[in-house]
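A short write-up of the structure that comes next.
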Amino acid sequence: MPCKIFNDIGPEENRRSRGLAQTAYFVARGVLSVGTRTGPLVGPLQAGSFLLGFQRRDLYNETQDVMAWDRATGACRSGACRKFGLDGAADGPAKGNQVLAWENRGGKGVSWMGDGRSSSGRIAAPMGAVRQALLMALALIVIQAGFALAAGETPSSPPKYGPPGAPYAAPLAQSHGYFQSAAHPAPDFWKLIGHYQGQEKPDSCSVAAVAMVMNAIARTEGGLKASDANFRQDRLLEEVRAARWKERVTAKGWEGRKGLTLAELEEVTAAALKTYGLAGWTVSRRAFEAATPQALGELRGILAANEASADDFVIVHFLQDKLTDDPGGPYAHISPVGAYDAASDRVLILDVDREYYSPYWVGLERLLVALSSRTAAYGHGGLLIVRRVSRGGR
């Protein structure tokens, strides 16, 4: 016998809805097959096609279990069910030996008839007209947004590392000749790069930077034991008790602020050295409040001395967006310096924001702008210098 549909829409309207959803779905797939090769259309078309596909699957949902009721015994064969007669009335009498199955969908459902003493199966479940219309509208809006984006009606993401044709920074992968010369031993780079790591939380750049320097100090020389583990970021946060470091890198922050100032970075780095017994090292900071010629000369001298020595490391506290042109700043950020190329007057930043960046070279003048820029929450940036003062420590 034909089934009776207990739903918001009748059989004929349901068939028309199926046809509409099928048509829209396959049109979207056709556009997708051509349009996804054109850049900005990829995301919106895929999202719209997914929504239409979801709607189509909902109309032909063949994975919902059906409840079966055996008239002879009155027993439900699959979970809790309601009893329906052939006319669809709740608790009505069934006729003959036919079994009525009903899928429970929030008080509405679809009936299905079968022969025998018991039955179960899987059937299509029509969706409500309102939900169907909303999904259809949303899918078409998303696809239309894709065409608008492709036509230039929505601004696109700017290039990484700065304006087209005049970037502020150059990725190391595209500019690595400095390290191919025997005249550039670059002691800090080779100690740091083996422990280059990304920050594990949105505001934990300080933790990644300090972990890199701690490993460069204590885990790159000879005499290591099999039990000497590298310094992990989570370990530092648990064991170094200074400046509310652990709290400051959480989503809530500490006293309304997340992350560290330059002074707080100095405090936690000194505490980390003390916590792990690296007694032969000291920490000092140099803030820059203006990008003056005098400040540029001092910065150049510090980095040149650092590049020539294997006994110190530099961590910079800067505005990342001043170097990468990342929109939406200012973004106060912390990362170690990997090298300084005096010939080109460029600095290699081992940026710990590895979700978006790899190491990059930036001009010294540009770096000074990023160091001396001020924010209300963090003040001015600057340098942190970790220097060996004796060979007594590790």
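The values are calculated or read from the model by the stated rules, or taken from the named source; none is laboratory data. All figures in this text were calculated on a predicted structure; none of them were measured in a lab. With ideal geometry, Cβ positions are generated from the backbone for all residues, glycine too; neighbour counts draw on all protein chains shown.
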Checked segment 317-366 for anything acidic (Asp, Glu) and more than 25 Å from the chain's Cα centre (by Cα); matches are Asp341, Asp345, Glu365
Every residue from segment 297-333 that is under 21 Å from Ala218 (Cα atoms) and of a type in the set (Val, Ile, Thr):
Val314, Ile315, Val316
Could you check, for segment 202-212, whether at least one of its residues is in contact with a helix residue (DSSP H, G or I) (Cβ under 7 Å, 6 or more places away or on another chain), under 19 Å from Arg257 (Cα atoms) and assigned to a loop (DSSP other than H, G, I, E, B)?
yes
Can you confirm whether Phe189 is aromatic (Phe, Trp, Tyr), at pLDDT 95 or above and assigned to a loop (DSSP other than H, G, I, E, B)?
no
Enumerated strands (runs of 3 or more DSSP E) restricted to segment 259-375, each holding at least 2 residues that are surrounded by fewer than 20 Cβ atoms within 10 Å (Cβ to Cβ) and either out of contact with any strand residue (DSSP E or B) (no Cβ under 8 Å at 6 or more places or on another chain) or in contact (Cβ under 8 Å) with a residue 40 or more places away in the chain (or both)
281-287
So for segment 243-250 (the condition being surrounded by 12 or more Cβ atoms within 10 Å (Cβ to Cβ), over 20 Å from Ala332 (Cα atoms) and either in contact (Cβ under 8 Å) with a residue 12 or more places away in the chain or not assigned by TED's automatic domain parsing to the domain that holds Tyr378 (or both)), does at least one residue qualify?
no
Selection within segment 326-367 - of a type in the set (Lys, Arg) and closer than 12 Å to Gly198 by Cβ
Arg354
Could we say that Gly280 is within 16 Å of Arg388 (Cβ to Cβ) and not aromatic (Phe, Trp, Tyr) here?
yes
Just one of the numbered conditions (1) touching a Gly at 6+ places or on another chain (Cβ under 6 Å); (2) closer than 27 Å to Gly256 by Cα; (3) polar (S, T, N, Q) is not true of Ser390; which one?
(2)
